[in-house]
Amino acid sequence: MLSWFTEKGYFQGIFWMIMSCVVSNMNDILTKLAGSRLPGAEVAFFRFLFGALVLLPFMMTLGSVAFKTKHPKAHMIRALLLFMAIAPWCYGLAQLPLTLATTISFTTPFFILPLAKIFLKEHVGIHRWIATFLGFIGIFISLHPDGGTLNPMALLLVGSTIMFASLDIINKKLVTGNEGMLPMLFYSALGTSILDAIPTYYIWVAPEFSELFFLALLGVGSNLILFCLLKAFAATEVSALQPFRYSELMVSAAFGFVIFNELPTINTLMGAAIIVPATFYIAYIETHKHLKARKAEKLTAEVGV
């Protein structure tokens, strides 16, 4: 009954991708709360510092083997990309409505698809291209293409999504290369906090106790996001999972209204009206293909017997 959860495959990948979206949205809320007074770089610094500290006891319990990695250079690149992505993201998120920031994050699949094709040699079917193209049209509508003023912070967040897309590709290569989960989580958090320590020193604002609490939760959440993403990438292809990132839009709209009293603009709703059906379309196609493949495997096994 729960074979999809215990066995790697498309359905398991969907589950972990959706879980990463939920945790990611909660982290955006915490970032927005902490970033209302603290600089974005400082929020990012504490986020990953606490993330590394949370993981350290688990690493020490397992001993020196937990700190061993086969890909030190890859972890350095991951930390650099994450630093380049998360610092401007934290800054821009504090200035923009939660739903708009979430919508901007959906540009990631636009970059994921060609990157997965080039570096991972993944087969990207026509249905995925169509769904992603339609999703990007929805994103374009959400960003006020009618001549309205566009906050420069929105463009800053788009730049962050390019870094996140590149990071997803490297994560996929590492997780399929038998790299341990704990080293991937720990070195990304440690490396990013070290890189972020320099700008934080020059813009330091002493955090209040409530802000430290939010930042500590951010540290836990950042590990959970990467954990869910790595589990998803280990289960199935990166490009097949990208449409399910769009589920975060509905979550952010609900929390944005309840917590920040933000209502989505008409453009955001129009974009969502395109994005959500595109997501369900690709889900139907991939589910049908998965069931067909499993039937073929079962038939082959029966014939072999």
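The values are calculated or read from the model by the stated rules, or taken from the named source; none is laboratory data. Here the structure is a predicted model, which is why all the values come from computation and not from measurement. Because the Cβ atoms are built from the backbone with ideal geometry, glycine has one as well, and the counts that use them run over all protein chains shown.
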Only one of (1) modelled with pLDDT of 80 or more; (2) assigned to a helix (DSSP H, G or I) is not met by Lys173, so which one is it?
(1)
Report the residue count in the stretch 197-233 for those that are modelled with pLDDT of 80 or more and either under 18 Å from Val23 (Cβ atoms) or of a type in the set (Asp, Glu) (or both).
20
Top-ranked residue of the stretch 176-196 - restricted to ones that are small (Gly, Ala, Ser) and outside any helix (DSSP H, G or I), ranked as modelled with the highest pLDDT
Gly180
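So that you can scan it fast, the table gives a plain yes or no per residue for (1) closer than 24 Å to Val23 by Cα; (2) assigned to a helix (DSSP H, G or I); (3) modelled with pLDDT of 75 or more:
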{"position": "Met84", "(1), (2), (3)": "yes, yes, yes"}
{"position": "Val124", "(1), (2), (3)": "no, no, no"}
{"position": "His127", "(1), (2), (3)": "no, yes, no"}
{"position": "Gly148", "(1), (2), (3)": "no, no, no"}
Can you name the condition, by its number, that Phe106 falls short on among (1) modelled with pLDDT of 75 or more; (2) within 15 Å of Asp28 (Cα to Cα)?
(1)
Any residue at all in the stretch 33-41 that is surrounded by fewer than 18 Cβ atoms within 10 Å (Cβ to Cβ) and farther than 24 Å from Phe233 by Cα?
yes
Within the stretch 27-77, track down each residue that is more than 22 Å from Thr102 (Cα to Cα) and among the basic types (Lys, Arg).
Lys68, Lys70, Lys73
Residue check, Leu226 in a helix (DSSP H, G or I), closer than 24 Å to Met76 by Cβ and more than 15 Å from the chain's Cα centre (by Cα)
no
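Residues checked against (1) within 23 Å of Ala234 (Cβ to Cβ); (2) at pLDDT below 80:
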{"site": "Leu113", "(1), (2)": "yes, yes"}
{"site": "Lys117", "(1), (2)": "yes, yes"}
{"site": "Gly138", "(1), (2)": "no, yes"}
{"site": "Met163", "(1), (2)": "yes, no"}
Hey, Tyr284 modelled with pLDDT of 75 or more, farther than 30 Å from Pro97 by Cβ and of a type in the set (Phe, Trp, Tyr) or not
no
Scan of the stretch 55-71 for residues that are in contact (Cβ under 8 Å) with a residue 12 or more places away in the chain and farther than 15 Å from Leu167 by Cβ, ordered by number:
Leu55, Leu56, Phe58, Met59, Leu62, Ala66, Phe67, Lys68, Thr69, Lys70
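Within the stretch 257-266, is even one residue modelled with pLDDT under 80, of a type in the set (Asp, Glu) and part of a loop (DSSP other than H, G, I, E, B)?
Residues of the stretch 257-266 that are modelled with pLDDT under 80, as a first pass: 263-265.
Okay, now just the ones that are also of a type in the set (Asp, Glu), so none.
Within the stretch 257-266, none of the residues are modelled with pLDDT under 80, of a type in the set (Asp, Glu) and part of a loop (DSSP other than H, G, I, E, B).
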